[in-house]
């Protein structure tokens, strides 16, 4: 059951990223681009969580698992600061 939840979370993040990028392509609002990148990174974070917990439970991938989420949040923060001018 937990594996299905992790994959559903990754699919939801992918859907959000696609919709945000599509909105960016239509309107050219930069915040949509940065938000899309954030959700793409969160999708990778969820996939890494699935791999860490379900696929290879004997080997800890905590550093590799947390790095995409950190990069995703930093990209969104950078976009918020950059576009606030």
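Between the helical axis of 30-50 and the dominant principal axis of the chain, each derived from Cα atoms, what acute angle in degrees is found, rounded to the nearest 10? Helix 30-50 sits roughly 0 degrees off the main axis of the chain. Relative to the longest principal axis of the Cα atoms of the chain, the long axis of helix 2-27 lies at roughly 10 degrees.
Can you match mean projected area of the Cα convex hull in nm² to one of these, (1) 4.9; (2) 7.6; (3) 5.6, based on a calculation from the structure here? Read-out taken from this structure: (3). With label points built 7 Å along Cα→Cβ from the Cα atoms of residue 58 and residue 81, find their separation and express it in nm. Reported label-point gap for residue 58 and residue 81 is 4.3 nm.
When you restrict to C-alpha pairs under 8 Å that are six or more residues apart and normalise by the size of the chain, the relative contact order lands at 34 percent. Between the Cα long axis of helix 62-82 and the first principal axis of the chain there is an angle of about 10°, rounded to the nearest 10. A Förster radius of 25 Å, combined with the Cβ-Cβ distance separating residue 73 from residue 27, puts the computed FRET efficiency at roughly 0.60.
Laboratory data are not the source of any read-out in this text; all were calculated from the coordinates shown. Being a predicted model, the structure only gives us computed values, none of them experimental. No Cβ is skipped: glycine too gets one built from the backbone with ideal geometry, and neighbour counts run over all protein chains shown.
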